[in-house]
Structures are given as structure tokens and as C-alpha cells.
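The values are calculated or read from the model by the stated rules, or taken from the named source; none is laboratory data. Just so it is clear, the structure is predicted and the values come from calculations on it, not from any experiment. Cβ placement follows ideal geometry from the backbone for every residue including glycine, while neighbour counts extend to all protein chains displayed. Only protein heavy atoms, including side chains, enter the accessible area calculation; ligands, DNA and RNA are left aside. Shrake-Rupley method; radii C 1.70, N 1.55, O 1.52, S 1.80 Å.
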Amino acid sequence: MKNIPYIDLHCHVDGAITPEIARKLAELQNIELPADDEELAAKLSVPETCESLNEFLECFALPGSLMQTKEGIIETFYLVEEHMKSLGVVYLELRIAPQKHCDGGLTQEGVIQACLEGIKRSNLHTNLILCLMRDRGNEKENMETIELAKKYLVKDGGVVAVDLAGAEALFHTDEFTSPFAKAKEYGIPFTIHAGEADGAKSVKDALDFGAARIGHGVRTKEDPAVLEYVIKHKIPLEMCPNSNRQTKSVDDMSKYPLKEYLAKGVKVTINTDDPAICRTNIAREFDYIEKKFGITLEEKKTMLLNAADAAFSDDATKAELKKAIESAF
Ligand code: ADE
Ligand code: ZN
């Protein structure tokens, strides 16, 4: 078999900063990091004792601090993309919440421009998803992200969609009606993290807003009617097994519904979420599901074809990706 052409549709760029990348970013920006490699690795990844998504999200402080300047952001995108390319990724959607990168004086627009410059520097086919953040008191920042997404939106080769990230159990999806009504009005495609730390109602709310895809969606099955909707309307789920294991999206991985969703015809895709934080990569995710759940080669191919179809990209790109997948299997 040829090399698998991997597709990663759900990857937060600040969750993809490996210790090696962090050292390069720190050197570029004169930022001091722990000299000890083990200490640095521990600060850039989630402990095995992690109990929840809330705890998991605390791991983003250090990587976030390396992405507060134009140069830092450009270099992060370049280095993350080069790393992904070396692992066999052929199409990548990277996500970032611009409002989290304004501590050093950048505007959200400046952040987006830096991301696009970084993307241009690498030749890996990459698109950008802008995240709104689950929080309170940031309504203005979320709306600004929507307006900027409208301004920069393209079919391929730049900003292609928006998302909602952050603590789903603390800030419920139904609190974010306004920004997604605007996204819909503007014709901006969107995915929403849902059914990860909160239940099927969160997935239903995201679908009611008009989400084209669901980030994670692990808990969709808690309401059979919502699962039925996802199947009937071919809504892709961006599943991220090791992230879901670490955030305790399911309390026991033997109950992880991957096989069940595939058997029911759900358009499942496999992604990394935060590969450095989760100490994983896309190839390891596929190995993990093969060993843990007995996922077959045919099922792997199906999930990659699902990812090609679900990409926030143009038809030519999807066709090219599908051709590469067909010829690899
Ligand atoms: N930001 C980074 N990873 C996330 C996740 N798994 N859920 C919500 N927000 C996130
Ligand atoms: Zn995510």
C-alpha cells in the first residue's frame, strides 16, 4: 500500500506547537522557556490525570504566549504546516481564535493577516478557520471575528469558515445565537465544537444555527433524534479520539461510539484537535483507532473520503483529494 494521504480538518494551531517548534518560536522572539526538555514537554501537553475539557484548556497558556506577535504567528503556521507535511498530511484546515492573540498589541485583523502570510510560506494545502470563543463579555470580539471572516472569506486558500471553541460545559451553545445568525446571513460556512463536553442538545443547537459540520459530536447519540438528523443530512463529525479520551468526553474509551457511528452511516472524519497538547499526530490517531476499535482499512478509506467531501474547500480540491485516496488504497 502507498502512503496514506492524510487530511486533518480539526486542528488548533496553538495546540500543535511541539517542544521543538516552541524552542524555535522562543528563540525568534527572545522568550525564555524552561531549559529542561522534560519540563517544557510537560508544559506543552496535557497530563494523563486530566479530568475534563476545562482542565485541558489550561494547557494553552504557554503555546498562546508564543503567538502574540506577527513574526511569532507567521512562523508558527509555517513550522506547524511543515511538520504536518512531514507526517503525510496533504490537506489541512488550521484553526485559530484571533481574539486570543491580541495581548502583544496586534488587532484581530493583524492576526489573520499574519496567519495568511504563514500559510503562504509553506506549500502544504492549508485553509484557515477562525474560532469564536465561548465566554461572557466577549460578544464584541466574537462579532468582530465574524465581520473579518466575511471580509477575508474565500472558497479555498485562506479563510474558509468560522467555529466556536472553548469551554462548552460552562458556556452553552444556545448563548451564541447572534454571531451565528450573522454568519448565516453573510453566507460564511461554519462548524461548531458540540457534543464534546456537553450533550446532544448542544449538537442540536449548532445544527439549528446552520452548522455544516460538528466539531467532535461524540455525545450526539445521547439523543437518537439528533443522531438521526446527523445521518439523514450527512453532517460530518470531526472526531478526535485521543483528545476525546483526554478531556473525558466519554468516561470510558470502550464506550467511544466510533464503530457504532460508522455502522450507522454517520459521516465520521478523524482529526487531531491539538496534536502537541494531546501528544499525538494524524497517523497515530489512525493507528490508535485500528488497535483500539479494530477499524479496518476500508473504514479508514471511508473516513478519509468523508474528510475530502467535508473539507471547507472547492470542488476541484475535493476531487483531487478523493483521487489521491482512491489511488492509495
Ligand atoms: N480549543 C482547543 N481544543 C479545544 C477543544 N477540544 N474543545 C474546545 N475548544 C478547544
Ligand atoms: Zn477543537
Next item on the list: Of the listed pairs Lys255/Lys291; Lys85/Lys323; Lys70/Lys184; Lys259/Lys292, which have alpha-carbon separations greater than 20 Å here?
Entry: Lys70/Lys184
Margin query: Distance between the C-alpha centers of segment 187-221 and segment 104-177? Whole Å please.
Written below: 17 Å
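With +1 on each Lys and Arg Cβ and -1 on each Asp and Glu Cβ, how big is the dipole of segment 195-329 about its Cα centre, in debye rounded to the nearest 20?
Values: 22 positive and 23 negative charges, 58 e Å.
Rounded to the nearest 20 debye, it is 280 debye.
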Margin query: Using helices alone, I'd like the mean residue ellipticity at 222 nm for the chain: each DSSP H run of four-plus residues gives -39500 (n - 2.57), total over residue count, nearest 500.
Written below: -13500 deg cm²/dmol
Margin query: Which one, Glu32, Glu82, Glu117, has the greatest fluctuation when you compute a Gaussian network model over the chain with C-alpha springs under 10 angstrom?
Written below: Glu32
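To the nearest 20 Debye, how big is the dipole of the chain about its Cα centre, given +1 on the beta carbon of each Lys and Arg and -1 on that of each Asp and Glu?
Working: 40 positive and 55 negative charges, 239 e Å.
Dipole magnitude for the chain comes out near 1140 debye.
Students sometimes get this wrong: rank Asp223, Asp208 by accessible area, probe 1.4 Å, all chains present, largest first. Can you show the working numbers first?
Details: Asp223 60, Asp208 95 Å².
Output order, biggest surface exposure first: Asp208, Asp223.
Which loop trypsin sites (Lys or Arg not before Pro) in segment 60-123, with loop taken from DSSP, have no more than 11 other Cβ atoms within 10 angstrom of their Cβ? Spell out each step's value before the answer.
Numbers: sites: Lys70, Lys85, Arg95, Lys100, Lys120, Arg121; in loops: none.
Taking segment 60-123 and a limit of 11 other Cβ atoms within 10 Å, no loop trypsin sites (Lys or Arg not before Pro) are found.
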Notebook entry, point to check: Residues of segment 48-86 with amide nitrogen under 14 Å from the 7 Å Cα-to-Cβ point of Lys248?
Noted result: 48-57
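In the calculated pair distance distribution of the chain, what percentage of Cα-Cα distances lie above 39 Å? Intermediate values should be presented prior to the final figure.
Working: 3091 of 53956 pairs.
Beyond 39 Å sits 6 percent of the P(r) for the chain.
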Margin query: Per residue of segment 212-227, what does 6.51 cos²θ - 1.76 cosθ + 1.60 with θ = phi - 60° give for ³J(HN,Hα)? Whole Hz please, x for Gly and Pro, Karplus curve as stated.
Written below: 7, 9, 10, x, 6, x, 3, 8, 3, 5, 4, 10, x, 5, 5, 4
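Using DSSP to define loop residues, name the trypsin sites (Lys or Arg not before Pro) in segment 134-191 whose beta-carbon has at most 14 other beta-carbon atoms within 10 Å.
Details: sites: Arg134, Arg136, Lys140, Lys150, Lys151, Lys155, Lys182, Lys184; in loops: Arg136, Lys155.
Listed in order of number, the matching sites are Arg136, Lys155.
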Next item on the list: Answer with one residue from Ala283, Ala42, Gln99: the one whose Cα lies farthest towards the positive end of the charge dipole of the chain, charges on Cβ with Lys, Arg +1 and Asp, Glu -1.
Entry: Ala283
Check: How long is the gain from Lys323 to Lys259 if the chain were fully straight, where each residue apart is worth 0.36 nm and the alpha carbon distance is subtracted?
Finding: 20.5 nm
Notebook entry, point to check: What residues have an amide H closer than 5 Å to that of Arg134, excluding those fewer than 5 places away on the same chain, when H is modeled at 1.01 Å from N in the peptide plane?
Noted result: Ala165, Gly166, Ala167
Note to self: Below 12 angstrom from the Cβ of Val160, what's the summed charge of the other residues (Lys, Arg +1; Asp, Glu -1)?
What the structure shows: -1
Note to self: Just to check I understand the Karplus step: with θ = phi - 60° and J = 6.51 cos²θ - 1.76 cosθ + 1.60, what whole-Hz values come out for segment 146-152, glycine and proline as x?
What the structure shows: 5, 4, 6, 4, 4, 5, 9
Next item on the list: Report, in whole Å, the centroid distance computed from the Cα atoms of segment 276-316 and segment 1-34.
Entry: 19 Å
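Under the definition of Cα pairs under 8 Å and six or more residues apart, what whole-number percent is the relative contact order of segment 6-328? Intermediate results must be reported in sequence, preceding the final value.
Details: 581 pairs, mean separation 62.5, N = 323.
19 percent.
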